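The values are calculated or read from the model by the stated rules, or taken from the named source; none is laboratory data. Values in this document were obtained by computation on a predicted structure and should not be read as measured data. Note that each Cβ is placed from the backbone with ideal geometry, even for glycine, and that neighbours are counted across all protein chains shown. Surface areas here come from the heavy atoms of the whole protein model, side chains and all, with no ligands, DNA or RNA. Shrake-Rupley method; radii C 1.70, N 1.55, O 1.52, S 1.80 Å.
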Amino acid sequence: MGMSGARMVLECLKREGVDTIFGLPGGAVLPIYDALYDFEGLRHILVRQEAAAGHAAEGYARTTGKVGVCLVTSGPAATNLVTALQDALMDSIPIVAFTGQVPTHLIGNDAFQEADNVGITRPCTKHNFLVKDGRDLGPIIREAFHIASTGRPGPVHVDLPKDVLVKEAELVWPEKVHMRSYNPTYEGHPGQIKRAAKLLLRARRPVVYAGGGVIASDASEELRALIELTQIPVTQTLMGLGAFPMEDPLSLDMLGMHGSYYANMAVHHSDVLLAVGARFDDRVTGRVDAFAPNAEIIHIDIDPSSISKNIKVDVPIVGDCRRVLKALVAAVREELRGDVASLAREARKQWAAQIAEWKRKCPLGFEWDDEVIKPQHVIQEISTLTHGEAMIVTGVGQHQMWAAQYYRFKHPRRWCTSGGLGTMGYGLPTAMGVAAAWPDRLVVNIDGDGSFQMNSQELATCFENNLAVKTVILNNRGHGMVRQWQDIIYKGRFCAIDFGPSPDFVKLADAYGCTGIRATRPSEVVPALEKAFATPGPVLVDVWVDKWEFVFPMVPAGGANTEMILEKPGRAAKDKAAKAQTGF
Amino acid sequence: MQNGGGPRKHTIGVHVENKFGVLSRVAGLFSARGYNIESLSVGETLDPTVSRMTLVVRGDEFVIEQVTKQLHKLVDVIKVTDLTDESHVERELVLIRVNAEPQNRAEVLRVADIFRAKVVDVTPVSYVLEATGDEGKLEALLELLRPLGVQELVRTGKVAIARGPKTRVKRAEVPRRARGPEDPTVVGFAD
């Protein structure tokens, strides 16, 4: 029996196990919305701007491990979605995005709301499709979900011309997906794994550097097993936070530009560095020739093109992090039987002592003030009040780095942040997606006043769908991270960072039907947060923080990770940083 | 990335799905990552669902390693083979319209003859020559024709094929050079 292409799309989504789609209707996708009118089993959440649909799908995908789905119309809707697609591409988030397209006979005709959707999304998706025939819908949607969720996950875009949605056709549903040109490698090479095991046990100053791949492949348990066995300290990337519990004494917290002193020192002085599901991003490595200069590097990654891209790797292992770590644990056990590592273990004591010394010398910290709220304090309180168990989402900027530094993560898949692309405005819509997937969990969106205002319209979506996101704005009345850079690197020539009038966020929340709370003094922080977490429905807390508080440690871009600025620099240090960055 | 070995020309064979948009994916990869394509040619293979591209790219070994890996990462790419250090044959076809005034008509023909180029169009003032060969031969031919007056030149770009028994279907499926120290899967060939 034939059915319309539109109905077929919904039927395929259901068969793929989709329960929620984030979307916004328009001319070219009206047939799908018409089919949705009486379609059972799919929840549609109407967003207020298309990028928000993409980010919500990202939040859903990142916290559930399932593919997130969004649906928008042609032309401007598709171009609005582009930011979310590139965001998902850079952070390896599995989403499938559907866009409408003008009827096939009008494609290329400069028709109303036409854009070359697949041409535009080609470089910002893992793969994309233009469906030209209703009979291809089933196989293409099947392939789209397969590509998005396997190998290195990523966004896949499917463009749907209106006539394909209207015409009836026979649903073709292949039971299995077979693509001769796409076969990711899952199992690591046994010889390489054995080499890695030997190297790790022989190491005197080993460090594990865990990234988002550990989260994406659900490898936290395997990582923990390896660490328990080998007692190697672990640092995590921004995307990897939650892969290893921060309360563990072997945790070195985050590394990189705003990483901890002890993580950067440990990586710099390591003799063996095991990178798992991480990609040696420039925010992690700093100056590449000064990154872990004496280390032999083992790199586990499912994407061969990540290996030896920025840093030459000594032992590459292509494969799924979870499977490779499992095999690595077995290989280490095998090696330990011969007890070849006893000598190294003795030396490791010195390494542990050295790391403890670094932790003592320079822990994460800030100066308390009785009058002005310190942003770090707010994050610490959120962390304490939620016992490190909340779903945490952030925007992009200083507040994001403080959240990464001061929230004590315990579990994987409870942290969403825009790492690779650094998309301001990511917080609220992504948190919305998380709240849709986890109605019974506390979802906290830690945002900045700049970042929040890029997608504040989504408060309406939260209210309408009772998505109980608790947004905490660290309000520093401007673009704080830019203020920090202009102060340290551009000689205090502040330009375009201070907001004159910002809206009254409490009234704004109220206008959207949400609850608004304000805190302006340190003593008000905990009561405000407690009230927010106890109030049902979406809540916004506007916390006025010290606008002169900066994120430290800080490695100026292009600097070596050992050249960290640890506290507000004096004039001489600023001049040095300015010269290195700007040349004057 | 540290430089290892100076930049040189690589000839890379790429089997791709014969689908719309594939050429744009490959070309887009090069422009997005700032690599230069010196030449690119595409055509159908014996299997009409598969196209074969021949790419000529200049780069040091790290650039070429990334190019190969990134090409392979494209979902529609079936196989990537760097032919440069393999025994292979490469050819290019050129069409050259060259001045043929009375005083040099004979000379043009002599040169064409030496290089086994064919005359495919004649007018009182010009010839169009068709020549095939590897890069060295064609450069040499052009060198000799240039002083006689080349009006226009069109090149197909290089095509290349591995020599000998390796072209048998079964063998050609296997990537011939392991890239990692021990790990043949490092490049991540799909097969």
| query | Cα convex hull of the stretch A:282-334: how many Å³ per residue? | reply | 90 Å³
| field | Percentage of interatomic Cα-Cα distances in the stretch B:1-56 larger than 15 Å | value | 55 percent
| said: Let me check the size of the stretch A:421-487 from its C-alpha atoms; what are the radius of gyration and Dmax in Å? | reply: 13.0, 43
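For A:Asp370 and A:Leu229 in one chain, what is 0.36 nm times their gap in residues minus the Cα-Cα distance, to one decimal in nm?
Working: separation 141, 0.36 × 141 = 50.76 nm, distance 4.51 nm.
Extra length from A:Asp370 to A:Leu229 when fully extended: 46.2 nm.
Just the accessible area per residue of the protein assembly as shown, please: how many Å² with a 1.4 Å probe?
Per-residue value: 41 Å².
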| remark: Rounded to a whole number, the Stokes-Einstein D of the stretch A:121-256 in µm²/s (Kirkwood radius over Cα pairs; 37 °C; 0.692 mPa s) is 179 µm²/s
| note | Of the residues A:Gly286, A:Pro538, A:Ile93, the Cα lying farthest along the dipole of chain A towards its positive end, which is defined by charges on the beta carbon of Lys, Arg, Asp and Glu, belongs to A:Gly286
| query | Got a number for carbon plus sulfur as a percent of the protein assembly as shown's accessible area, 1.4 Å probe? | reply | 53 percent
| message | Give me the dipole magnitude in Debye, nearest 20, for the protein assembly as shown about the Cα centre, with unit charges on the beta carbon: positive for Lys and Arg, negative for Asp and Glu. | response | 1840 debye
| message | Can you show me the helix-derived [θ] at 222 nm for chain A, built from DSSP H runs with n ≥ 4 at -39,500 (n - 2.57) apiece and divided by the number of residues, rounded to the nearest 500. | response | -11500 deg cm²/dmol
| remark: The ratio Rg/Rh over the Cα atoms of the stretch A:439-584, Rh being the Kirkwood inverse mean 1/r radius, stands at 1.07
| note | Here, GluC sites (Glu not before Pro) of the stretch A:79-180 satisfying both criteria (DSSP loop; at most 11 other Cβ within 10 Å) are A:Glu175
| task | Any chance you could run the full-extension gain for A:Trp548 through A:Thr582? It's 0.36 nm times the residue separation minus the Cα-Cα distance, nm to one decimal. | result | 10.0 nm
| Cα-based reach from A:Lys176 at 19 Å (exclusive), listing lysines while leaving out same-chain residues under 8 positions away | A:Lys14, A:Lys66
| query | Among B:Pro124, B:Gly59, B:Ala32, whose Cα sits farthest toward the positive end of the charge dipole of the stretch B:1-133 (+1 at Cβ of Lys/Arg, -1 at Cβ of Asp/Glu, about the Cα centre)? | reply | B:Ala32
| Debye log10 I(q)/I(0) at q = 0.17, 0.18 Å⁻¹ for the stretch A:190-341, Cα point scatterers | -0.88, -1.00
| remark: Computed over the stretch B:16-84, the Cα gyration tensor eigenvalues, each multiplied by 5 and square-rooted, give semi-axes in Å (largest first) of 20, 13, 11
| said: Let me check against my output: what whole-number percent is the relative contact order of the stretch A:232-338, with C-alpha pairs under 8 Å and at least 6 apart? | reply: 18 percent
| field | GluC sites (Glu not before Pro) restricted to the stretch A:1-106 and DSSP loop, no more than 11 other C-beta within 10 Å | value | A:Glu40
| message | I'd like the distance separating the alpha-carbon centroids of the stretch A:128-199 and the stretch A:418-447, in whole Å. | response | 26 Å
| field | Computed log₁₀ I(q)/I(0) - Debye formula, equal Cα scatterers, no solvent, the stretch A:63-109, q 0.18 Å⁻¹ | value | -0.62
| Hydrodynamic radius (Kirkwood) for the stretch A:22-116, which is based on Cα pairs only, to one decimal in Å | 13.7 Å
| task | Quick one: which residues, 5+ away or cross-chain, put their amide H under 5 Å from the amide H of B:His88? H built at 1.01 Å from N. | result | B:Arg163
| query | Total Å² of accessible surface buried at the A-B contact, 1.4 Å probe, nearest 100? | reply | 2500 Å²
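From the convex hull of the Cα coordinates of the stretch A:375-461, what is the mean projected area in square nanometres?
Hull-based average projected area comes out at 5.4 nm².
With r as the distance between the Cβ atoms of A:Leu46 and A:Glu168 and R0 = 30 Å, compute the FRET efficiency 1/(1 + (r/R0)^6) and round to 0.05.
On the way: r = 27 Å, r/R0 = 0.91.
Plugging the Cβ-Cβ distance into 1/(1 + (r/R0)^6) gives 0.65.
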| field | Mean Cα-pair separation over length for chain A, i.e. relative contact order, pairs under 8 Å, 6 or more apart, % | value | 13 percent
| Relative contact order [Cα under 8 Å, 6+ residues apart], the stretch A:409-541, whole percent | 23 percent
| query | What FRET efficiency would be calculated for the residue pair A:Ser523, A:Leu336, taking the C-beta separation as r and a Förster radius of 45 Å, to the nearest 0.05? | reply | 0.25
| message | Give me the residues in the stretch B:4-28 whose solvent-accessible area, probe 1.4 Å, is reduced by at least 50 Å² once all protein chains are included instead of the chain isolated. | response | B:Phe20, B:Arg25
| message | Filter A:Lys132/A:Lys470; B:Lys79/B:Lys118; A:Lys126/A:Lys547; A:Lys126/B:Lys158; A:Lys579/B:Lys9 down to the pairs with a C-alpha to C-alpha distance above 32 Å, please. | response | A:Lys132/A:Lys470; B:Lys79/B:Lys118; A:Lys126/A:Lys547; A:Lys579/B:Lys9
| For chain A, alpha-carbon Rg relative to the globular expectation (2.2 N^0.38 Å, N residues) | 0.99
| query | Between A:Leu566 and B:Arg163, what is the spin-label point distance in nm, taking each point 7 Å from the Cα along the Cα→C-beta axis? | reply | 6.4 nm
| For chain A, which longest stretch is free of loop sites, where a loop site is one of the trypsin sites (Lys or Arg not before Pro) that DSSP puts outside H, G, I, E and B and that has at most 12 other Cβ atoms within 10 Å? | A:177-492
| said: Let me spell out the model: positive unit charges on the Cβ of Lys and Arg, negative unit charges on the Cβ of Asp and Glu, origin at the Cα centre of the stretch A:373-445. What dipole size does that give, in debye rounded to 20? | reply: 140 debye
| field | Positive-pole candidate from B:Gly164, A:Val469, A:Pro103, dipole of the protein assembly as shown, charges at beta carbon | value | B:Gly164
